Amino acid sequence: MLKKLSERLRSVVKKILGSSNIDEKLVEEVVREIQRSLIEADVNVKLVFEISERIKTRALKEKPLPGLTQREHLVKVIYDELVSITGEKPQILLKPCKIMLIGLFGSGKTTTAGKLALWYKKRGLKPALVGCDIHRPAAMDQLEQVAKQVSVPYFVSKELKDACTMAKQGIEKMKKAEVLIFDTAGRDALDEELAEELKKLKEVIKPEEVLLVIPADIGQVAKTQAEEFNRLVGITGVIITKLDGTAKGGGAITACAVSKAQIKFIGFGEKLDAFDVFDPKRFVSRLLGMGDIEALLEKAKEVIPKEKAKTMEEKLLSGKFDLNDFKEQFLSLQKMGPLSSILEAIPGFGLALPKNLDLSKEEKRIKKWCAIIDSMTKEERANPAILNESRIKRITRGSGTTENDVKELLKAYEQAKNVAKMLRGRGMMKFLRKFGLKLKF
Ligand SMILES: Nc1nc2c(ncn2[C@@H]2O[C@H](COP(=O)(O)OP(=O)(O)OP(=O)(O)O)[C@@H](O)[C@H]2O)c(=O)[nH]1
Ligand SMILES: [Mg+2]
């Protein structure tokens, strides 16, 4: 994906991390190289100059976060600024819904219909496809093929000559499906006729999502296209396809971010699994070289906490210890090394520890817990008491876990809260703090 841009940005990162000293000359050089590579990827020139200025100022004037060297700080600034022009992390519906795909000729709608179906299927929802492209007979065969490839139910009928009737019958026939994906006909321009047809279809389908499929190779033009489609038909988001085959993807992505059209998914290959949710942070990390960036962000995070830890104690003492805090606690605990050695160091705990504690199992469980907490809404994390059956069901779907997993996590959370309460009166806090554990269970 965006191979050339990625190669160039990675070599910039390498150069920074390998340099002996960060001075104005190096920052200038680095910024010039970033400018060149972004412009080559069709990112808007004005935008490129804006972020160059910000990178320069921050690199030279901002104090690095504790724990980061000047070099690492510069890389983090570049990462932050690239994320800022890449858009926001989208909200994706993970519940029964209807999704309508629209877009110009050959943008990748039919392929994307299959990719989306597979994506939802992997997350435990039952998808189905409805082919509303009645203009080309071959379109129906293609939809059928795609549906079979990902093994999901589909509806097309060569007898029908009208897209709206096809949609109506599709809804009727595919009642069992939870996510119904409608493929529509493309045209080589967004003319009145296409707009009319899509509007009518929208009235019939009543979709929760209308996603505009845009091929990355149109670069910055993506902005105009998204705005026009939004004005004439109304869209809820964008899917950018073909990020694998063009140098202009950077333009398409940043242009959408500017137009406020939210990018929900990206496609990066003809294969039906070459598809993912669009996450700006992950995207930029990949561009810059995942390993380097992740390690660096971790480091920055690890050292901030002194004050944060204090607020954590305060939170616990006041009883305001929510699932966000819980997650942070078990993650930092995990970072400290094998669970058993930490627990053994605490009087009384060592003896109680099962002899054959399986640590890889512990780690898996922590991963599961993270996934569960990540699938919760802000409100749920802040107030786990509101978790009822239907919320838990949704969370298990979103995180690929079971209800038992969620219940186990909630139980552990309650225990952590109780242990903390218990420790409060016994001077254990001081002891735990010595281990950098703050208030952990
Ligand atoms: N390399 C690459 N090719 C893609 C991607 N998505 C779609 N394609 C290819 O692009 C071509 C057009 O894709 P379709 O899914 O038929 O596009 P469409 O929008 O349904 O086209 P019409 O129905 O004719 O408007 C096909 O050859 C796909 O294999 C992608 O992410 N990467
Ligand atoms: Mg098609």
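Looking at L104, L74, L93, can you tell me which residue is closer than 30 Å to I392 by Cβ and modelled with pLDDT of 90 or more?
Values: L104 fails: closer than 30 Å to I392 by Cβ; L74 fails: closer than 30 Å to I392 by Cβ.
Going through L104, L74, L93 in turn, just one is closer than 30 Å to I392 by Cβ and modelled with pLDDT of 90 or more: L93.
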Check on K242, under 18 Å from N44 (Cβ atoms), in the same structural domain as L201 (by TED's automatic domain parsing) and in contact (Cβ under 8 Å) with a residue 12 or more places away in the chain
no
Output yes when any residue across region 417-440 is in a helix (DSSP H, G or I), closer than 22 Å to L94 by Cβ, modelled with pLDDT under 90 and among the hydrophobic types (A, V, I, L, M, F, W, C), and no when none is.
no
When you scan region 7-16, do you find a residue that is crowded, with 20+ Cβ neighbours inside 10 Å and either free of Cβ contacts under 8 Å to residues at least 40 places away in the same chain or out of contact with any Asp or Glu (no Cβ under 7 Å at 6 or more places or on another chain) (or both), even just one?
yes
If a residue has to be surrounded by fewer than 21 Cβ atoms within 10 Å (Cβ to Cβ) and assigned to a helix (DSSP H, G or I) to count, how many in region 101-118 make the cut?
1
Selection within region 22-48 - of a type in the set (D, E, K, R), surrounded by 16 or more Cβ atoms within 10 Å (Cβ to Cβ) and not in a loop (DSSP other than H, G, I, E, B)
none
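For region 239-249, what are the residues that are away from ligand 2 (no atom under 16 Å from the Cβ) and open to solvent by less than 10 Å² (accessible area, probe 1.4 Å)?
If we filter region 239-249 for residues that are away from ligand 2 (no atom under 16 Å from the Cβ), which is where we start, we get 240, 243-249.
Hits for region 239-249 are I240, L243, G249.
Does at least one position in region 133-154 carry a residue that is assigned by TED's automatic domain parsing to the domain that holds T236, open to solvent by 20 Å² or more (accessible area, probe 1.4 Å), away from ligand 1 (no atom under 16 Å from the Cβ) and modelled with pLDDT under 95? Quick ask: steps written out before the conclusion?
Residues of region 133-154 assigned by TED's automatic domain parsing to the domain that holds T236: 133-154.
Pick out the ones that are also open to solvent by 20 Å² or more (accessible area, probe 1.4 Å) and you get 134-138, 141-142, 144-145, 148-149, 151, 153-154.
Subsequent filtering for residues that are away from ligand 1 (no atom under 16 Å from the Cβ) retains 151, 153.
Checking the rest, the ones that are also modelled with pLDDT under 95 come to none.
Scanning region 133-154, I find no residue that is assigned by TED's automatic domain parsing to the domain that holds T236, open to solvent by 20 Å² or more (accessible area, probe 1.4 Å), away from ligand 1 (no atom under 16 Å from the Cβ) and modelled with pLDDT under 95, so the answer is no.
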Pair list, Cβ under 9 Å, 6 or more apart: region 49-63 residue open to solvent by less than 70 Å² (accessible area, probe 1.4 Å), other residue of a type in the set (G, A, S) and assigned to a helix (DSSP H, G or I):
I51/S84
Odd one out for L2 among (1) aliphatic (A, V, I, L, M); (2) loosely packed, with under 15 Cβ neighbours inside 10 Å; (3) on the phi > 0 side of the Ramachandran plot:
(2)
Every residue from region 66-85 that is surrounded by fewer than 21 Cβ atoms within 10 Å (Cβ to Cβ), in contact (Cβ under 8 Å) with a residue 40 or more places away in the chain and not in a helix (DSSP H, G or I):
P66, G67, L68
Checking K158 against (1) open to solvent by 40 Å² or more (accessible area, probe 1.4 Å); (2) under 29 Å from the mean Cα position of the chain (by Cα): exactly one of these is not met. Which one?
(2)
Condition met for I239 (within 15 Å of W119 (Cα to Cα), among the aliphatic types (A, V, I, L, M), touching a Ser or Thr at 6+ places or on another chain (Cβ under 6 Å) and within 15 Å of ligand 1 (Cβ to nearest atom)):
yes
Selection from region 260-292 of residues more than 16 Å from ligand 1 (Cβ to nearest atom), free of Cβ contacts under 8 Å to residues at least 40 places away in the same chain and either farther than 16 Å from I85 by Cα or crowded, with 19+ Cβ neighbours inside 10 Å (or both) yields M290, G291
Unmet criterion (only one of (1) more than 16 Å from ligand 1 (Cβ to nearest atom); (2) touching a Phe, Trp or Tyr at 6+ places or on another chain (Cβ under 7 Å); (3) open to solvent by 10 Å² or more (accessible area, probe 1.4 Å); (4) in a helix (DSSP H, G or I)) for K200:
(2)
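The values are calculated or read from the model by the stated rules, or taken from the named source; none is laboratory data. The shown structure was predicted, so the numbers you read here are calculated from the model rather than taken from an experiment. Note that each Cβ is placed from the backbone with ideal geometry, even for glycine, and that neighbours are counted across all protein chains shown. Surface areas here come from the heavy atoms of the whole protein model, side chains and all, with no ligands, DNA or RNA. Shrake-Rupley method; radii C 1.70, N 1.55, O 1.52, S 1.80 Å.
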